[in-house]
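Q: Would you mind keeping the following structure in view while I ask a few things?
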Amino acid sequence: ELKVEQNPLFLSMQEGKNYTIYCNYSTTSDRLYWYRQDPGKSLESLFVLLSNGAVKQEGRLMASLDTKARLSTLHITAAVHDLSATYFCAVDITGNQFYFGTGTSLTVIP
Amino acid sequence: DTAVSQTPKYLVTQMGNDKSIKCEQNLGHDTMYWYKQDSKKFLKIMFSYNNKELIINETVPNRFSPKSPDKAHLNLHINSLELGDSAVYFCASSQPGRRLFFGEGSRLTVL
């Protein structure tokens with residue numbers, strides 16, 4: 001059974017600090033996605049990582065993919081309150097089969 | 001123009017009732033999905049349709065029946081609702097190898 005695990009599940013961090021969220025998956029895939037979900041809202045796509053070594057950056061967020069280690073990271077630089085949300089990674093194993101991670105609930109404290 | 005739209009947004013119903021959720025996408029995508037998000041925010045794939053054909057049917061009780069009348073629509077019908085069915089149901093669509101686009105979600109509460 002495919003497992004997609006995120007670490008940590010809950011993260012409380014101070015504004016201005018850096019932190020990394022980890023996403024481990026149990027099967028071969030070279031397509032990994034990151035999504036953001038605000039409370040009571042839908043999921044919004046953040047990053048698409050389509051090959052080993054892919055790195056994408058948008059503002060204070062940077063995502064990377066290591067397909068050999070089956071690991072993706074989402075790095076937060078100098079956190080601000082607006083980044084408070086739940087972040088999900090998702091693995092696509094066939095081109096149209098998406099399995100989501102457990103989610104990381106991030107709270108940025110002033 | 002909403003890319004993926006679901007109706008209704010909220011459903012409150014009694015145990016044992018039957019309910020349906022409708023989903024439409026105007027993105028021209030080939031694949032549509034239903035996901036269930038529980039109270040702990042876990043997102044679980046339920047069904048996936050590609051060009052009206054069922055391609056994923058995860059271990060979902062057969063009280064749940066998806067129907068895809070055409071490529072742009074995927075509806076979810078739930079029979080004999082149980083308390084454990086309370087969740088937010090998300091419809092999504094994608095093209096092969098591309099990211100998912102989600103609807104706004106339908107919050108189902110079973111009393």
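The values are calculated or read from the model by the stated rules, or taken from the named source; none is laboratory data. Bear in mind the structure is a predicted one, so any value in this text is a computation, not a measurement. For neighbour counting, all protein chains shown are included, and Cβ atoms are generated from backbone atoms with ideal geometry for every residue, glycine included.
Q: Return the residue satisfying two criteria in turn: it lies in region A:28-77 and is hydroxyl-bearing (S, T, Y) and assigned to a loop (DSSP other than H, G, I, E, B), and of such residues it is farthest from the other protein chains (Cβ to nearest Cβ).
A: A:T77
Q: Against the definition (of a type outside the set (A, V, I, L, M, F, W, C) and surrounded by fewer than 19 Cβ atoms within 10 Å (Cβ to Cβ)), how does B:T7 come out, yes or no?
A: yes
Q: Continuing with this model, one more query. Quick check: is even one residue across region B:62-76 modelled with pLDDT of 95 or more, closer than 30 Å to A:F47 by Cβ, within 14 Å of chain A (Cβ to nearest Cβ) and assigned to a strand (DSSP E or B)?
A: yes
Q: Report yes if A:G16 is loosely packed, with under 13 Cβ neighbours inside 10 Å, of a type in the set (G, A, S) and in contact (Cβ under 8 Å) with a residue 24 or more places away in the chain, otherwise no.
A: Yes, satisfied.
Q: For the structure I just gave you, tell me whether B:D38 is away from every other protein chain (no Cβ under 14 Å) and under 21 Å from A:G103 (Cα atoms).
A: On the way: away from every other protein chain (no Cβ under 14 Å): no; under 21 Å from A:G103 (Cα atoms): yes.
In short, no.
Q: Also: Checking A:V108 against (1) within 14 Å of another protein chain (Cβ to nearest Cβ); (2) in a strand (DSSP E or B); (3) in contact (Cβ under 8 Å) with a residue 60 or more places away in the chain, which test does it fail?
A: For A:V108, the failing item is (1).
Q: Please determine, by comparing only the residues of region B:44-53 that are assigned to a strand (DSSP E or B) and over 12 Å from the mean Cα position of the chain (by Cα), which one is surrounded by the fewest Cβ atoms within 10 Å (Cβ to Cβ).
A: Step one: list which residues in region B:44-53 are assigned to a strand (DSSP E or B), which gives B:44-50, B:53.
Pick out the ones that are also over 12 Å from the mean Cα position of the chain (by Cα) and you get B:50, B:53.
Details: B:N50: 19, B:E53: 9.
Taking the candidates together, the pick is B:E53.
Q: Further question on the same structure: Out of the residues in region B:19-39 that are within 15 Å of the chain's Cα centre (by Cα) and surrounded by fewer than 16 Cβ atoms within 10 Å (Cβ to Cβ), which is modelled with the highest pLDDT?
A: Applying the first criterion (within 15 Å of the chain's Cα centre (by Cα)) to region B:19-39 yields B:19-25, B:31-38.
Keeping just the survivors that are surrounded by fewer than 16 Cβ atoms within 10 Å (Cβ to Cβ) gives B:20, B:38.
On the way: B:S20: 98, B:D38: 95.
Per the stated criteria, the residue is B:S20.
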